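Encoded as structure tokens, the structure appears first; notes follow it.
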């Protein structure tokens, strides 16, 4: 029998294929312990050194570059059955991740600022790069650094019984004068979805884990605590 390749030999994209193969070939439910071992073997998150002297951060809406709306709530028909207004804006995975980035930064002691006009819902105001984020902050008179997150992959195993979500993103903190203060990259990797029965239940937990991964090395300036 040929020995399997060590887990460290797999590229980030190949590791996702390994996870899918395990899930498809095992005849009984996959224990969470096995899933955790596979998830832990993926390529690590890479970050630049944490910036010094930062106490406040303005968090922009996550820029969804996946090509999919990534809805995280009930479809319009069900919303109507539940009595919600038909024009209610649907919640996306990007919205959920933005909220979790806010929460995680607050838990770490940062003062989190919310943009008043740079909303992802208005195409005219959408910010699609770190350079545009810095330019917007400069024109808007923002003094704090700005966190821009580009989400390039968010693929759940299914819309129900979500074992994991394959996630890939890049986060950049820029100053209004255009300087890059910090970067973090999450290479394509499966994030445990806990087997939740729907994406509306799975996405908040996945987004929380992603936010913790991305912001793990950030600490506020002592005077900001």
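For region 45-219, report the % of Cα-Cα distances exceeding 23 Å.
41 percent
From Cα pairs below 8 angstrom and at least 6 apart in sequence, can you work out the relative contact order of region 45-219, rounded to a whole percent?
That works out to 29 percent.
Please list 201-210, 63-72 highest first by mean number of surrounding beta-carbon atoms within 10 Å per residue.
Descending packing order for the listed peptides: 201-210, 63-72.
Every read-out reported here was derived from the displayed coordinates using simple, explicitly stated rules and does not represent laboratory data. Since we're looking at a predicted model, the values are computed, not measured. Cβ atoms come from the backbone with ideal geometry, glycine included; neighbour counts cover every protein chain shown.
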